[in-house]
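The values are calculated or read from the model by the stated rules, or taken from the named source; none is laboratory data. This structure is a prediction, so every number in the text was calculated from the model and none was measured. Cβ atoms come from the backbone with ideal geometry, glycine included; neighbour counts cover every protein chain shown. Ligands, DNA and RNA are excluded from the accessible area calculation, which covers all protein heavy atoms including side chains. Shrake-Rupley method; radii C 1.70, N 1.55, O 1.52, S 1.80 Å.
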Amino acid sequence: MIDRFHFNFRNKVCFITGASSGIGQATAIAFARLGGNVVCIDTDAEKGKETLAKIHQVQSEGLFIQCNVKTEEVEKAIDETVKTFGKIDIAFNNAGVEGRQANITDSTEENWDHVLGINLKGVWLCMRKRTSTDAKTGARHSCELRFNCRTNRISRYGLLCRLKTRSHWPHQNSCFRICEIKYSCECHLPGGDTDPNDR
């Protein structure tokens, strides 16, 4: 449970993908309770607005943007966030899908592209845009959160990314870049993982 005495998100802008349900929604509400301004990103407009209503119930500012993270819509969403709140302090790249579960011989290219598009490309698009935006605006002390799918990715989604194409690769690559503009970067890997390359 988040301890509100140790976390203060007042005046922080939190950008959360997949915020209409599950972990994304719970995180959005938790950040709002801690005083954060929460931007909810999701394709489901109806549930997204429900999340936004819960944010308003705890007296925090919020914004819902309907967006598919695997497309360049996410870049427009980040631009809209910065236009509205002036910055992004925390980005939680939570959006993920499970796709159709099938043996490799029965799986389709469409299913493969859909899963990797959201679980891998979506993270990369968000981080690429955010890093370039922060570099231009001079933002500092930002934090990038990503629950990695190699270690069961919390909601069990994106298990296909357990292959060598790892969803934390864009995060690792981004860490090296954003260290140059001096702000903090975090990647959370829930569950046990003994791979030394992930440390």
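Pairs meeting the criteria (first residue in region 37-57 and touching a residue at least 12 places away in the same chain (Cβ under 8 Å), second residue open to solvent by 60 Å² or more (accessible area, probe 1.4 Å) and not in a loop (DSSP other than H, G, I, E, B), beta carbons under 6 Å, at least 6 apart or on different chains) are ALA45/GLN66.
Are any of the residues in region 63-77 in a strand (DSSP E or B) and aliphatic (A, V, I, L, M)? Yes, the conditions are met somewhere in region 63-77. Taken as a whole, the condition of being within 30 Å of ASN111 (Cβ to Cβ), at pLDDT below 95 and surrounded by 14 or more Cβ atoms within 10 Å (Cβ to Cβ) does not apply to VAL58. Condition check for ILE41 on (1) crowded, with 21+ Cβ neighbours inside 10 Å; (2) modelled with pLDDT under 95: one failure, at (2).
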